[in-house]
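Taking it in order: structure first as structure tokens, then the write-up.
The values are calculated or read from the model by the stated rules, or taken from the named source; none is laboratory data. As the structure is a prediction and not an experimental result, all values here were calculated from the model. When we count neighbours, we look across all protein chains shown, and the Cβ atoms used for this are built from the backbone with ideal geometry, even at glycine.
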Amino acid sequence: MSGPDLTGRTAIVTGASRGIGLAIAQAIAAAGGNVVLTARTQESAEAAAAQVGGNALGVGAHVVDEEAARRCVELTLERFGSIDILVNNAGTNPAFGPVINQDHARFAKTFDVNLWAPILWTSLVTRAWMGEHGGAVVNTASIGGLGLEAHIGLYNASKAALIHLTKQLALELSPKVRVNAVAPGVVRTKLAEALWKEQESSVAGATALDRIGEPEDIGAAVAFLVSDAASWVTGETMVIDGGQRLGDAPLFRGGGSVDV
């Protein structure tokens, strides 16, 4: 079976200089799509685009800068003539520890990047192209938005809100625009290093598929969601966690008994 075919379509991927965002851009390009990669600086965006190759364009645009976002949308239309796909991938987590210990600056940065930016970029591409021509939007959420964890409660609250926003936008932008989300588990990225770097074997061993995720796992899922293969999917959040949320896998393997 062949993979998704995105020939002739153009995508904007925010926060695409490395990790999951870069892998998403690479997956879309591999499926034949044109890709615009954004990063906080022009240098980082161009370096990422060079890694993707083909019809890839790097644009420096801090994700919460409305003028920079608008300029990126205009440049995309000038260069490629359409914006068929938007991946709201940029994310941040400056707040670690109990929620009541966080200050307003950390709260504002977390929710501005993780929630307001997807609203901003989705509104811009909808008005510029998708509202008339249709398209697909994917938001990068997290399995943290589906449960509770110590130390990253504020981040998880922003991702829970993004999952809710995904459903809201799927209805508001229907039937022209499909809006979905992906919820990765622990993936080998810089943002998630604190969750795996010093304990990769134990984290992997507790997961049903016995490994942590790779950025390419998420990229492949997003390429599917924005393709015609997912043309009757909207308002959904695809969990991609190797079975992490199922529970402690070793307790279930091999049919052995467990002392209680």
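Looking only at segment 66-79, decide whether some residue is in contact (Cβ under 8 Å) with a residue 60 or more places away in the chain, more than 19 Å from PHE224 (Cα to Cα) and among the β-branched types (Val, Ile, Thr). The answer is yes; a qualifying residue exists. Residues of segment 199-209 that are at pLDDT 85 or above, within 23 Å of the chain's Cα centre (by Cα) and in a helix (DSSP H, G or I): VAL203, ALA204.
Of all residues in segment 127-182 being of a type in the set (Ser, Thr, Tyr) and outside any strand (DSSP E or B), which is surrounded by the fewest Cβ atoms within 10 Å (Cβ to Cβ)? So the residue we want is SER174. Within segment 1-29, the residues that satisfy the criterion of being in a loop (DSSP other than H, G, I, E, B) and either closer than 19 Å to THR189 by Cα or within 16 Å of the chain's Cα centre (by Cα) (or both) are THR14, GLY15, ALA16, SER17, ARG18.
For residues in segment 233-255 being touching a Ser or Thr at 6+ places or on another chain (Cβ under 9 Å) and free of Cβ contacts under 8 Å to residues at least 40 places away in the same chain, which is farthest from GLU149 (Cα to Cα)? Looking at the filtered set, the residue picked out is GLY243.
The single condition from (1) touching a Gly at 6+ places or on another chain (Cβ under 6 Å); (2) surrounded by 15 or more Cβ atoms within 10 Å (Cβ to Cβ) that PHE107 fails is (1). When GLU214 is tested against the conditions (1) modelled with pLDDT of 95 or more; (2) over 30 Å from GLY8 (Cα atoms), the lone failure is (2). Can we say GLY60 is touching a helix residue (DSSP H, G or I) at 6+ places or on another chain (Cβ under 6 Å) and more than 27 Å from THR237 (Cα to Cα)? For GLY60, the condition - touching a helix residue (DSSP H, G or I) at 6+ places or on another chain (Cβ under 6 Å) and more than 27 Å from THR237 (Cα to Cα) - is met.
Among the residues of segment 109-118, is any touching a residue at least 60 places away in the same chain (Cβ under 8 Å), at positive phi and out of contact with any helix residue (DSSP H, G or I) (no Cβ under 7 Å at 6 or more places or on another chain)? No, segment 109-118 contains no residue that is touching a residue at least 60 places away in the same chain (Cβ under 8 Å), at positive phi and out of contact with any helix residue (DSSP H, G or I) (no Cβ under 7 Å at 6 or more places or on another chain).
Within segment 177-198, identify whether any single residue is modelled with pLDDT of 95 or more and out of contact with any strand residue (DSSP E or B) (no Cβ under 8 Å at 6 or more places or on another chain), and answer yes or no. No, the conditions are met nowhere in segment 177-198. Looking at GLY247, is it surrounded by fewer than 18 Cβ atoms within 10 Å (Cβ to Cβ) and at pLDDT 90 or above? Yes, satisfied.
Listed conditions (1) at negative phi; (2) touching a residue at least 24 places away in the same chain (Cβ under 8 Å); (3) exposed (fewer than 15 other Cβ atoms within 10 Å of the Cβ) are all met by GLY97, apart from (1). Sub-6 Å Cβ pairs linking a first residue in segment 166-190 that is within 21 Å of GLY144 (Cα to Cα) to a second residue that is of a type in the set (D, E, K, R) and in a loop (DSSP other than H, G, I, E, B), at least 6 apart or interchain, are ASN180/GLU236; GLY185/ASP241; ARG188/GLU214, ordered by first then second residue. The residues of segment 48-67 that are surrounded by fewer than 16 Cβ atoms within 10 Å (Cβ to Cβ) and of a type in the set (Gly, Ala, Ser), listed by number, are ALA50, GLY53, GLY54. Of note, SER158 satisfies the criterion of being modelled with pLDDT of 95 or more and closer than 16 Å to THR92 by Cα.
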